Ligand code: AMP
């Protein structure tokens with residue numbers, strides 16, 4: 001099957017060729033005909049499957065063919081990073097089409113607000129918005145959505161996790177009843193069903209491999225005590241082939257500590273978390289995309305919506321609280337049929353969490369033995385009641401807080417002689 005089989009406009013086909021999209025991915029093959037037919041759609045597809053193109057391409061095809069142009073499509077996304085990424089895909093594909101789009105999200109200054117408001121008032125073809133800022137703009141009462149034809153909710157499960165249910169329901173009150181609604185979600189928990197019942201009409205359902213990381217990802221894990229993690233991360237970065245890497249941690253405090261430790265050890269990395277302002281975030285992502293920086297340390301703010309090709313290594317410094325976040329984190333590697341490695345550090349407390357992840361993805365992730373120099377870790381015994389220290393009693397070592405990259409005996413601080421431990425393998 002090729003994109004020409006959808007009878008897309010010639011200019012759209014040119015745009016796809018220039019983006020290097022030759023064959024529709026499975027989600028695109030299934031979703032595009034449904035969206036072209038103007039039917040409501042609920043699609044379960046994770047990031048990395050080509051889900052964005054699955055709704056953008058048919059919508060953009062309709063926009064190019066439309067006689068009159070007005071604010072045609074509203075895409076709601078959980079984070080500004082995802083909104084920007086979607087906007088970039090529109091720009092890439094739409095280069096030859098003249099389809100206009102604007103990402104709308106909070107932060108920024110008064111000028112940004114004015115620019116977003118103006119673009120919406122004047123009727124950009126596609127608006128990609130995060131819920132909070134969108135509601136603020138709609139509340140001005142000056143934005144006309146009467147001709148809106150398509151509403152897309154992208155990463156709907158994430159939006160509900162972030163507490164946006166009421167905001168979404170409120171946004172819907174501003175929209176015309178006659179419209180096509182398309183909902184994409186990586187997982188389908190009951191709350192998504194509730195939302196879908198409320199805002200979709202007789203939707204077609206498509207299910208592409210529920211929340212499973214792409215096949216190209218080699219998933220591995222180490223079962224460790226917290227105190228062993230800093231030495232282990234150095235070992236992994238040294239012994240694994242990688243060209244660009246992301247290290248995820250669940251809290252910004254851990255991200256900051258890791259960042260400081262990396263800087264002290266002379267390992268070039270950039271930290272990405274919610275305390276950074278928008279220009280800082282954008283500049284870091286730009287440097288990462290341009291390969292000026294090849295290692296990022298981030299919270300889950302980073303796990304959604306960064307679209308960088310060729311991330312070869314993802315390290316989960318801890319197990320993410322939500323199994324879906326695991327899928328998103330490891331989905332940062334092996335994008336669009338490339339290969340990559342995702343390695344998770346599981347401490348005693350996180351074992352049950354990791355077990356839930358393995359249940360969700362339907363696979364047991366290989367647990368690698370710790371290198372001898374790091375010593376023995378805890379046993380992997382999820383579902384065993386732990387004592388108050390998080391211990392299951394099978395191993396006598398006390399649970400210590402990690403000391404981030406102490407330099408000294410046996411440690412490889414990264415300075416002095418040869419490549420630092422963080423130097424990427426070529
Ligand atoms: P997504 O799941 O939408 O985040 O897309 C994952 C990656 O796949 C993005 O980098 C897209 O640019 C890319 N992509 C989407 N569709 C195709 C396609 N048909 N052929 C090649 N790459 C694609």
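Here, each number is a calculation from the coordinates, and none is a lab measurement. All figures in this text were calculated on a predicted structure; none of them were measured in a lab. Heads up, the Cβs are rebuilt from the backbone with ideal geometry, glycines too, and the neighbour counts pull from every protein chain shown.
By count of other Cβ within 10 Å, fewest leading, how are 275, 300 ordered?
Lowest count first: 275, 300.
Would you please calculate the Kirkwood hydrodynamic radius of the chain over all C-alpha pairs and express it in Å, rounded to one decimal?
22.9
Order of 144, 34 from fewest to most other C-beta atoms within 10 Å?
With the fewest neighbours first, 144, 34 line up as 144, 34.
Where does helix 229-239 land angle-wise versus the long Cα axis of the chain, in degrees 0 to 90, nearest 10?
80
Where the centre of each part is set by its Cα atoms, how far does the range 170-201 sit from the range 105-160, in angstrom?
Value for the Cα centre distance between the two parts: 17 Å.
How far is helix 26-36 tilted off the main Cα axis of the chain, in degrees rounded to 10, range 0 to 90?
The two axes meet at around 20 degrees.
Please report 55, 105, 95 as a ranked list, fewest other C-beta atoms within 10 angstrom at the top and most at the bottom.
Ordered from fewest to most neighbouring Cβ atoms within 10 Å, 55, 105, 95 come out as 95, 105, 55.
Please compute the Cα-Cα pair-distance distribution of the range 217-367 with 5 Å bins starting at 0, giving whole percents from short to long.
Result returned by the calculation: 2, 9, 20, 25, 23, 13, 6, 1.
Taking 1 over the mean of 1/r across every pair of different Cα atoms in the range 111-256, what Kirkwood radius in Å do you get?
Hydrodynamic radius (Kirkwood, Cα only) of the range 111-256 equals 19.2 Å.
Between residue 139 and residue 91, what is the label-point separation in nm under the 7 Å Cα-to-beta-carbon projection?
Result: 2.9 nm between the two label points.
If you bin every alpha carbon distance in the range 1-126 into 10 Å steps from zero, what whole percent lands in each bin?
12, 43, 34, 10, 1
For the chain, what is the calculated [θ] at 222 nm in deg cm²/dmol (nearest 500), taking -39500 (n - 2.57) for each run of four or more DSSP H residues and dividing by its residue count?
-10500 deg cm²/dmol
By how many degrees, 0 to 90 and rounded to 10, does the Cα axis of helix 80-93 deviate from the longest principal axis of the chain?
The angle comes out at about 60 degrees.
Using only Cα atoms, locate the centre of the range 342-375 and the centre of the range 234-286, then give the distance between them in Å, rounded to an integer.
Using only Cα atoms to place each centre, the spacing works out to 21 Å.
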